[in-house]
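The values are calculated or read from the model by the stated rules, or taken from the named source; none is laboratory data. Predicted, not measured: the structure shown is a model, and the values here were computed from it. Cβ placement follows ideal geometry from the backbone for every residue including glycine, while neighbour counts extend to all protein chains displayed. Surface areas here come from the heavy atoms of the whole protein model, side chains and all, with no ligands, DNA or RNA. Shrake-Rupley method; radii C 1.70, N 1.55, O 1.52, S 1.80 Å.
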Amino acid sequence: EIVGMALYFFAYYTWVGKSLYLEGLIVKEAYRSQKIGTELLQRVMQTAKDENCKRVRWQVLDWNEPAISFYRKTGAEVSSEWLNCTFDEKGIADFSI
């Protein structure tokens, strides 16, 4: 049974270089508090080291206090400075300047 997963991809940023973007870190609710998220994040970080990444980045919603607490406990910097800019499918179709 799959109880958790980490979905990531590599990205390249002009001023940073090769980075790993963690798209999702998910653990089924019944399996939380069993160090599964910690193990997944350890493997992601090992992958970043093995791939010579200069940065690992992901997003967390401001209302997700359990996740924010977990990430801070691991030593992650949780920034309140960055704002997400998004176009959905309709926004893309309607885009004009």
Can you tell me which of (1) touching a helix residue (DSSP H, G or I) at 6+ places or on another chain (Cβ under 8 Å); (2) loosely packed, with under 10 Cβ neighbours inside 10 Å is the one VAL56 doesn't meet? (2)
Count, please, the residues in segment 1-47 that happen to be farther than 22 Å from SER69 by Cβ and part of a helix (DSSP H, G or I). 2
Considering only residues that are more than 15 Å from PHE10 (Cα to Cα) and over 15 Å from the mean Cα position of the chain (by Cα), which ones fall in segment 21-64? LYS28, GLU29, ALA30, TYR31, ARG32, SER33, GLN34, LYS35, ILE36, TRP63
Tell me yes or no: at least one residue of segment 66-79 is exposed (fewer than 13 other Cβ atoms within 10 Å of the Cβ), of a type outside the set (D, E, K, R), assigned to a loop (DSSP other than H, G, I, E, B) and at pLDDT 95 or above. no
Subset tally (residues that are open to solvent by 30 Å² or more (accessible area, probe 1.4 Å) and under 25 Å from ASN84 (Cβ atoms)) for segment 16-50: 9
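So, in segment 82-97, of the ones that are in a loop (DSSP other than H, G, I, E, B) and farther than 30 Å from ILE36 by Cβ, which residue ends up most open to solvent (accessible area, probe 1.4 Å)? Before the answer, list the steps.
Let us first name the residues in segment 82-97 that are in a loop (DSSP other than H, G, I, E, B), namely 82-88, 95-97.
Narrowing the set further to residues that are farther than 30 Å from ILE36 by Cβ leaves 83, 85, 87-88, 95-97.
Numbers: LEU83: 140, CYS85: 128, PHE87: 127, ASP88: 96, PHE95: 117, SER96: 95, ILE97: 188 Å².
The selected residue is ILE97.
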